[in-house]
Amino acid sequence: QVQLVESGGGLVQPGGSLRLDCAASGTIFKVNTMGWYRQAPGKQRELVATVARGGRTNYADSVKGRFTISRDNAKNTLYLQMNSLKPEDTAVYFCNADLLTLATMLPEHYWGQGTQVTVSS
C-alpha cells in the first residue's frame, strides 16, 4: 500500500507565498518522477511542475519564475514553493508520483488527495 499525502494549502493574499509538501509512504522501492498538478473549478487538471529523481525540473509557463519544485529522495518527499501568488493560481493542487513498489517492482502511478490553495484578498 502506497499513500501520497499533501499538506500546506490554504488562503493567501495576492503576492503572498505558500509551500506545499507531499510525503510518499508505504511499501516503496524507489520513487522516480514526482510532480504537482492543479485543477481549478470547471477546468481540466493541468501540469504545474515535475522533478525527476536526478533533479531535472520542468515547469508550466504560467508558473515559471514564481514556483520552485524540489524533492528529498531520502524522505520520499516533494515540495512546491509558491511565490508571487495570483488569483488565477487558485485550485486544488495534487501530488503525483511514478514509483516502484516492493510488492510488484513494476512502475506504478499514484495521486494524492489534493490540497486547496486559494489566492484572494
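The values are calculated or read from the model by the stated rules, or taken from the named source; none is laboratory data. Computed from a predicted model, the values in this text were never measured in an experiment. Cβ: placed from backbone, ideal geometry, glycine included. Neighbour counts: every protein chain shown. Just so you know, the surface numbers come from the protein's heavy atoms only, side chains and all, with ligands and any DNA or RNA stripped out. Shrake-Rupley method; radii C 1.70, N 1.55, O 1.52, S 1.80 Å.
A simple charge model with +1 on the Cβ of Lys and Arg, -1 on the Cβ of Asp and Glu and nothing else charged puts the dipole of the chain at about 200 debye relative to its Cα centre.
Rule-of-thumb check for the chain: C-alpha Rg over 2.2 N^0.38 Å? Intermediate results must be reported in sequence, preceding the final value.
Values: Rg = 14.2 Å, N = 121, 2.2 N^0.38 = 13.6 Å.
The chain yields a ratio of 1.04.
Sorting Thr33, Thr115 by accessible area puts them as Thr33, Thr115; the probe is 1.4 Å, largest comes first, and only protein heavy atoms count.
Under the criterion of Cα pairs below 8 Å and six or more residues apart, the relative contact order for the chain equals 36 percent. Our coupling estimate for segment 106-121, obtained by passing each phi through the Karplus curve with A = 6.51, B = -1.76, C = 1.60 and θ = phi - 60°, is 10, x, 9, 10, 10, 10, x, 7, x, 9, 7, 10, 10, 10, 7, 8 Hz, Gly and Pro reported as x.
Its relative contact order, with pairs defined as Cα atoms under 8 Å and 6+ residues apart, puts segment 44-110 at 17 percent. Length, then width, then depth: along the principal axes, the Cα atoms of segment 49-88 run 34, 16, 12 Å.
Using a simple spin-label model with pseudo-atoms 7 Å out from Cα toward Cβ, Gln81 and Lys64 lie 2.0 nm apart.
Given Cβ point charges of +1 (Lys, Arg) and -1 (Asp, Glu) and nothing else, what value in debye, to the nearest 20, does the dipole of segment 68-121 about its Cα centre take?
Numbers: 3 positive and 5 negative charges, 26 e Å.
Roughly 120 debye for segment 68-121.
Projecting the Cα atoms of Leu18, Ala40, Ser70 onto the dipole axis of segment 1-82, where Lys and Arg carry +1 and Asp and Glu carry -1 at the beta carbon, places Ser70 farthest toward the positive end. Rolling a 1.4 Å probe over the protein heavy atoms of segment 11-121, with every protein chain left in place, gives an accessible area that is 50 percent carbon and sulfur.
Charges on Cβ only, +1 for Lys and Arg, -1 for Asp and Glu, centred on the Cα centroid of the chain; of Ala49, Thr101, Gln116, which one is farthest towards the dipole's positive end? So the residue furthest toward the plus end is Ala49. Solvent-accessible surface of the chain, averaged per residue with a 1.4 angstrom probe and all protein chains in place: 53 square angstrom.
Quick one: dipole size for segment 36-104, taken about the Cα centre, charges +1 on Lys/Arg Cβ and -1 on Asp/Glu Cβ, in debye to the nearest 20.
For this selection, approximately 80 debye.
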